[in-house]
Amino acid sequence: MGTRTAHRASFSSSSFSSSKQHWMYDVFLSFRGEDTRNSFTGHLYMALREAGINAFFNDNELSRGEYITPKPVTAIQGSRISVIVFSRRYAESSRCLDELVKIMECRRTRGQTVMPIFYDIDPSDVREQRGSFAQAFEKHEENLLLGRDNKVVRWRAALSEAANLSGWDLRNTADGYEAKFIREIIEGISRWLLMNETISVVDYAVGLNSRVQDLSNYLDVGSDDVRIVGILGWVE
């Protein structure tokens with residue numbers, strides 16, 4: 001699986017210590033508004049809300065410019081997961097690229113999990129900045145005097161790193177049907193959150209590590225099988 005994007009993506013927690021942090025949001029959504037705000041990403045956000053997943057969706061008209069503002073930066077830092085919706089024109093926005101650099105920084109420093117979605121773009125075009133991404137970078141390099149302050153270099157590195165992570169590719173998932181595609185994404189995020197809650201119990205419980213691990217193994221988080229668990233204990 002050369003692009004590391006799977007039909008049904010499998011994710012693991014980036015760091016056990018991440019479960020001990022206080023998070024403002026479960027999910028931060030990074031996307032180019034002109035491409036998907038009122039279509040795919042808007043529908044994904046509503047599905048996240050319906051699933052009880054607390055997501056940050058930047059729908060502020062005043063912050064749709066080319067510069068990242070403090071509120072999204074704070075939201076990125078306070079999110080357990082960042083979901084990046086790569087679309088054909090994502091790389092045209094310097095704001096999106098600045099968000100991406102911050103997201104990948106939080107992945108390294110805060111244990112944040114990053115899940116890319118390739119909506120209408122080939123993952124290799126993102127990873128290698130080809131096609132529409134190459135065209136976008138030609139303009140960026142002209143505007144930034146051939147990569148002044150290494151900003152273009154940081155953008156390219158963040159794109160390559162993100163495109164190598166496990167995620168979802170619409171063309172190879174759910175037969176291209178967006179509604180089913182979104183459902184699979186919600187299921188994947190929900191599985192990750194459930195698994196991460198299990199990890200936090202292991203971190204905080206004293207003397208229960210082996211029993212929690214047995215329960216986790218039995219639940220087989222990420223499988224499609226049905227599990228029924230009965231818990232017997234004292235109630236006060």
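Start at zero, step by 5 Å, and the Cα-Cα distances of region 16-196 spread as 1, 8, 18, 22, 21, 17, 8, 3, 1, 0 percent across the bins. Simple spin-label estimate for N143 and N54 gives 3.4 nm between the two label positions (7 Å along the Cα-to-Cβ direction from each Cα). With R₀ fixed at 22 Å, the C-beta to C-beta distance from E197 to S124 puts the FRET efficiency at about 0.05.
For M46 and K151, the FRET efficiency from 1/(1 + (r/R0)^6), where r spans their Cβ atoms and R0 equals 22 Å, is about 0.05.
Taken along the Cα-to-beta-carbon direction at a fixed 7 Å, the label points for N38 and R183 span 2.7 nm.
A short reminder: the numbers here are calculations on the coordinates, not readings from a lab. From a predicted model like this one, the values you see are computed outputs, not experimental measurements. Because the Cβ atoms are built from the backbone with ideal geometry, glycine has one as well, and the counts that use them run over all protein chains shown.
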